[in-house]
1. Can you give the local net charge around Thr261? Use residues other than it whose beta-carbon is closer than 10 angstrom to its beta-carbon, Lys and Arg +1, Asp and Glu -1.
2. Rounded to the nearest 5, what is the percent of antiparallel bridges among the DSSP beta bridges in the chain?
3. Considering all projection directions equally, how large on average is the shadow of the alpha-carbon convex hull of the range 201-263, in square nanometres?
4. Quick one: of Lys168/Lys256; Lys96/Lys208; Lys35/Lys119; Lys31/Lys92; Lys63/Lys168; Lys31/Lys160, which pairs are farther than 29 Å apart, Cα to Cα?
5. Size of the dipole of the range 114-263 about the Cα centre, Lys and Arg at +1 and Asp and Glu at -1 on the beta carbon, nothing else charged, in debye to 20?
6. Rank the residues Leu150, Leu87 as a footprinting-exposure proxy: fewest other Cβ atoms within 10 Å of their Cβ go first.
7. Between the range 210-263 and the range 158-183, what is the separation of their alpha carbon centroids in Å?
8. Can I get the semi-axes of the range 31-74's equivalent ellipsoid? Compute them from the C-alpha gyration tensor as square roots of 5 times the eigenvalues, in angstrom, largest first.
Amino acid sequence: MRNSKVTSMLVVLMFLLVTGIQAQTVTPSKKYITKELNNVSNFSSISVLGSPDVEYRQSNGSKTTVSIYGSDNLVDLLEVSTVNGVLQVNIKKGVKILSGERRLKVIASSPSLNQVDIKGSADVYLKGTIKGNDLNLNIAGSGDIEAENLQYTNIFALVKGSGDIDLKNVKATTVMSEVNGSGDINMKGSAQKATLTVNGSGDISAEKLAATNVVATVAGSGDIVCYASGQLDARVSGSGDIEYKGSPSVVNKQGKKNSITGK
């Protein structure tokens, strides 16, 4: 009988412990600190799960740096590690942060960057000029990606969800953008070829992306606005529209041709 009571008490204690861990709630303090991480190896990709923000700059030479800025009682709740060249960022499991304001940010730099993945509500800011061969930007959720100046051979941007991608200045040979949700993609700059696809209700605004040749496809309710100076291949099979600027020398229209108009 005594053993039975002891066993029951242990079960209750274990339940309370597990429940407490699963329901850990933290209110951010108003004291902010920066924590330098010295055990992070080189990376060329960033993967963010959840809500932590990331600010990235391309470094000179071979230097890689990572730090965490935020409330002093939150920085240790963020898990940051490098696995196979990927900088992984996420909140520890079972932690809920009570705040209407973002109070955690990872500040990172590396010699090169070829991919950014967001799963959740995090925002990633690509600061300054970043150069390379191929760059993949992927959002699956409500997070955003904002880039100031990208100089790549090939850039691919994909939105699955309600998040947005804002590329303020692009210089590329090829740009491919695709929206499969309600989010938007905005692009400015120049490219030799742009392939733009909308399969959802979101929009692609690329009228300030000076592209020579453009392939634009709308298969949803979203819209595409683009610029083409050479050839435009446009197709609409949904309820959305395609508008184009640039007076392209060749315009091929397919599908709902009345939904494809010049501005």
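What follows draws every value from the coordinates through simple rules; no lab data is involved. Quick caveat: nothing in here was measured; it's all calculated off a predicted structure. Virtual Cβ from ideal backbone geometry, glycine too; neighbours counted across all protein chains shown.
1. Details: positive: Lys253, Lys257, Lys263; negative: Asp241, Glu243.
Computed value for this residue: +1.
2. Working: 18 of 123 bridges.
So the antiparallel bridges in the chain amount to around 15 percent.
3. Numbers: hull surface 13.5 nm².
For the Cα atoms of the range 201-263, the hull's average projected area reads 3.4 nm².
4. On the way: Lys168/Lys256 31 Å; Lys96/Lys208 41 Å; Lys35/Lys119 24 Å; Lys31/Lys92 21 Å; Lys63/Lys168 26 Å; Lys31/Lys160 36 Å.
Pairs exceeding the cut-off: Lys168/Lys256; Lys96/Lys208; Lys31/Lys160.
5. Values: 15 positive and 16 negative charges, 103 e Å.
I would put it at about 500 debye.
6. Working: Leu150 23, Leu87 26.
With the fewest neighbours first, Leu150, Leu87 line up as Leu150, Leu87.
7. Their Cα centres are 17 Å away from one another.
8. Details: eigenvalues 87, 38, 17 Å².
Square roots of five times the eigenvalues give 21, 14, 9 Å.
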